[in-house]
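See structure below.
The values are calculated or read from the model by the stated rules, or taken from the named source; none is laboratory data. Keep in mind that this is a model prediction, so the values were computed, not measured. A quick note on method: Cβ atoms are made from the backbone with ideal geometry, for glycine too, and the neighbour counts reach across all protein chains shown.
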Amino acid sequence: MEKGLNSNFKDFEDAVQYFAALQAECSIIITRNGKDFKQSIIPIMTADEYISQML
């Protein structure tokens, strides 16, 4: 929560999701608003992109 509050993310919920994903060592973040995760070091995909990649 503190990292989210002190981050450069415009949306606090996005920041919390991002830092939770980092902590959990997630390999991808699936979201509809990828533009909010421009600074992410974790790859960002939409659900459609992810499903297409899996096929």
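Details
- Within region 22-55, the set of residues being part of a helix (DSSP H, G or I), among the charged types (D, E, K, R) and at pLDDT below 95 comprises K35, D36.
- Test for F37: is it aromatic (F, W, Y), surrounded by fewer than 14 Cβ atoms within 10 Å (Cβ to Cβ) and free of Cβ contacts under 8 Å to residues at least 24 places away in the same chain: no
- Region 1-21 - residue that is outside any loop (DSSP other than H, G, I, E, B) and either touching a Ser or Thr at 6+ places or on another chain (Cβ under 9 Å) or among the acidic types (D, E) (or both) and, of those, surrounded by the fewest Cβ atoms within 10 Å (Cβ to Cβ): E2
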